[in-house]
Amino acid sequence: MDVKIESSWKHVLQDEFDKEYFVKLTNFVRNEYKTKLTFPPASDIFNAFDQCPFDKVKVVILGQDPYHGDGQAHGLCFSVNKGVALPPSLLNIFKEIKRDLGIPMPKNGNLTRWAEQGVLLLNATLTVQAHIAGSHQNLGWETFTDTVIDKLATEKEHLVFMLWGSYAQKKGSFIDPNKHLILKSVHPSPLSAYRGFIGNNHFSLSNKYLKSNNKVEIIW
């Protein structure tokens, strides 16, 4: 089936789009957008891929679910549109960047600038019904995003995978640590951020690794 996604990803994932689970998932998602308020906007479902082509990926940050509040989600994990209040987890991410690298807090929470530098901001589930967290889990998206991680882990080398919280760590458990840098810590949510996220130095560590492998560092 034809999926509107950036061309290098289309090439890598083409086999997936024709699988039975993905066809079922697509039919479900289309119906959800027709009958219920669903996030992100349909044109942004594959925004993480469109902003960060397969060939350009240097860092992968794994999230779980899109934001389910009005106007927040735009297809990049942890990121919100300009003009939207910073969610608590994103605020803690910026706090750690400031502590780690001395970079001041940005004026908004739109992380497109990271994606354009090679940071794949990947949620495990790419859609959600408005105001109902986790409503599109276990319907096929996780299978799709597992394949995305597998393609990156096997076909590329010297990537940085940031796995925050037990969910992300389990999802990335098969990645070869001899081939890539795997950075793990608790999740940046207010429930756990001060038990090890603040102080994890992931942003400086990722840049150090990229530099040591002759890659351009990310301007966080």
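Would you be able to tell me the number of residues in the range 3-55 that are open to solvent by less than 40 Å² (accessible area, probe 1.4 Å), modelled with pLDDT of 95 or more and of a type in the set (V, I, T)?
Residues in the range 3-55 being open to solvent by less than 40 Å² (accessible area, probe 1.4 Å), modelled with pLDDT of 95 or more and of a type in the set (V, I, T): 6 in total.
List the residue pairs whose Cβ atoms are under 9 Å apart, where the first residue sits in the range 44-64 and is touching a residue at least 24 places away in the same chain (Cβ under 8 Å) and farther than 22 Å from Y33 by Cα, the second is basic (K, R) and open to solvent by less than 10 Å² (accessible area, probe 1.4 Å), and the two are 6 or more positions apart or on different chains.
No pair meets every condition.
If you take the residues in the range 62-81 that are open to solvent by 10 Å² or more (accessible area, probe 1.4 Å) and of a type in the set (S, T, N, Q), which one is nearest to N108 (Cα to Cα)?
Looking at the filtered set, the residue picked out is N81.
Looking at the range 162-201, which of the residues that are in contact (Cβ under 8 Å) with a residue 40 or more places away in the chain and among the aliphatic types (A, V, I, L, M) is nearest to G63 (Cα to Cα)?
Step by step, filter the range 162-201, then rank; the result is A168.
Please specify each residue of the range 82-96 satisfying the condition of being among the charged types (D, E, K, R) and either open to solvent by less than 20 Å² (accessible area, probe 1.4 Å) or in a loop (DSSP other than H, G, I, E, B) (or both).
K82, E96
The values are calculated or read from the model by the stated rules, or taken from the named source; none is laboratory data. All of these numbers come straight from a predicted model, not from anything done at the bench. For neighbour counting, all protein chains shown are included, and Cβ atoms are generated from backbone atoms with ideal geometry for every residue, glycine included. All accessible areas refer to the heavy atoms of the entire protein, side chains included, with ligands and DNA or RNA removed. Shrake-Rupley method; radii C 1.70, N 1.55, O 1.52, S 1.80 Å.
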